[in-house]
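Engineer: I am attaching a structure below and will ask some questions about it afterwards.
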Amino acid sequence: TDSGLRVDWNPSKVNSFTIETAAHRSVFGDRLETMQSFSPVVYERAGLRSNTGGHVLTRWTRTWSDSSDLTFQFFYDRTRHGGYGAKEVSVFDIDLQHHFRIGRRHDVIWGFGHRRNSDDFKNSFAFGMNPSSLNSSLTSAFVQDEIALAPQKLALSLGSKFEYSSFTQSNVQPT
């Protein structure tokens, strides 16, 4: 079963908002038998399990002109998987982007974002993850300038991205 809602609202010529949310639930079953203990040896049929979850997204855009705007976005998602390999997963994400022109030749966009993922596995005799829980994050910032060398014919794009990840630490692109 899925359900959702989206609302787009433009309270003025310069502001627009989007709110989106959804929820889902599914029930499933199988004949998978898993060992529950060694002594005595006991097997159990998996039976009916469910997956549930949902997300919410909000976005605000402020437009000053055709050549200048700002967008802020927030997203959160949480899902629970039942049955064999049961787990809970959640994602939290925020982003900000600002676009503007400098003169007639420079089209600049910059921004930053942060994403956090959380996984929590429900270890059992038949299935396990080590570690059973993991939180990871990625923080990034970027800047790009598209320079019109010959308007409408030739442009040069220069930019860089800076990231900090809980897995790889600091990264700069291009390298």
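Engineer: In contact with a Gly (Cβ under 7 Å, 6 or more places away or on another chain) and open to solvent by 60 Å² or more (accessible area, probe 1.4 Å): is that true of Val143 in this structure?
Structural biologist: The answer is yes for Val143.
Engineer: To continue, here is another question. Among the numbered criteria (1) within 30 Å of Leu70 (Cβ to Cβ); (2) in contact with a Lys or Arg (Cβ under 7 Å, 6 or more places away or on another chain); (3) open to solvent by less than 80 Å² (accessible area, probe 1.4 Å), which one does Gly82 miss?
Structural biologist: Evaluating Gly82 over (1) within 30 Å of Leu70 (Cβ to Cβ); (2) in contact with a Lys or Arg (Cβ under 7 Å, 6 or more places away or on another chain); (3) open to solvent by less than 80 Å² (accessible area, probe 1.4 Å) leaves (1) as the failure.
To keep it simple, each residue is scored yes or no on (1) within 23 Å of Ala23 (Cα to Cα); (2) in contact (Cβ under 8 Å) with a residue 24 or more places away in the chain.
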site	(1), (2)
Trp60	yes, yes
Gln73	yes, no
Gly83	yes, yes
Val89	yes, yes
Phe92	yes, yes
Gln97	no, yes
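Engineer: Specify the residue that is nearest to Arg25 (Cα to Cα); the eligible residues are those in segment 61-73 that are open to solvent by 60 Å² or more (accessible area, probe 1.4 Å) and not acidic (Asp, Glu).
Structural biologist: Let us first name the residues in segment 61-73 that are open to solvent by 60 Å² or more (accessible area, probe 1.4 Å), namely 62, 64, 66, 72.
Add one more test, that the residue is not acidic (Asp, Glu), and what stays is 62, 64, 72.
Numbers: Arg62: 35, Trp64: 41, Phe72: 29 Å.
Checking each candidate, the answer is Phe72.
Engineer: Next question, about the same structure. Determine, yes or no, whether Ile94 is among the aliphatic types (A, V, I, L, M) and loosely packed, with under 12 Cβ neighbours inside 10 Å.
Structural biologist: The answer is no for Ile94.
Engineer: Among the numbered conditions (1) over 30 Å from Glu146 (Cβ atoms); (2) at pLDDT 95 or above; (3) not acidic (Asp, Glu), tell me where Arg62 comes up short.
Structural biologist: All conditions are met except number (1).
Engineer: In segment 1-53, what count of residues is obtained for those that are at pLDDT 95 or above, in contact with a Phe, Trp or Tyr (Cβ under 9 Å, 6 or more places away or on another chain) and small (Gly, Ala, Ser)?
Structural biologist: 1
Engineer: If you take the residues in segment 103-112 that are touching a residue at least 40 places away in the same chain (Cβ under 8 Å) and either in contact with a Leu (Cβ under 7 Å, 6 or more places away or on another chain) or assigned to a strand (DSSP E or B) (or both), which one is farthest from Ser65 (Cα to Cα)? Break it down into steps so the answer makes sense when it comes.
Structural biologist: At the first step, the residues of segment 103-112 found to be touching a residue at least 40 places away in the same chain (Cβ under 8 Å) are 104-107.
Among the residues that remain, those that are also either in contact with a Leu (Cβ under 7 Å, 6 or more places away or on another chain) or assigned to a strand (DSSP E or B) (or both) are: 106-107.
Numbers: His106: 15, Asp107: 13 Å.
So, considering only residues that are touching a residue at least 40 places away in the same chain (Cβ under 8 Å) and either in contact with a Leu (Cβ under 7 Å, 6 or more places away or on another chain) or assigned to a strand (DSSP E or B) (or both), the one farthest from Ser65 (Cα to Cα) is His106.
Engineer: Of all residues in segment 113-137, count the ones that are in a strand (DSSP E or B) and surrounded by 15 or more Cβ atoms within 10 Å (Cβ to Cβ).
Structural biologist: 9
Engineer: Report, by residue number, each residue of segment 7-28 that is in contact with a Leu (Cβ under 9 Å, 6 or more places away or on another chain) and open to solvent by 50 Å² or more (accessible area, probe 1.4 Å).
Structural biologist: Ile19, Glu20, Thr21, Val27, Phe28, listed by residue number.
The values are calculated or read from the model by the stated rules, or taken from the named source; none is laboratory data. From a predicted model like this one, the values you see are computed outputs, not experimental measurements. Every residue, glycine as well, gets a Cβ built from its backbone with ideal geometry; the counts of neighbours run over all protein chains shown. Please note that ligands, DNA and RNA were not included when accessible areas were found on the heavy atoms of the full protein model with its side chains. Shrake-Rupley method; radii C 1.70, N 1.55, O 1.52, S 1.80 Å.
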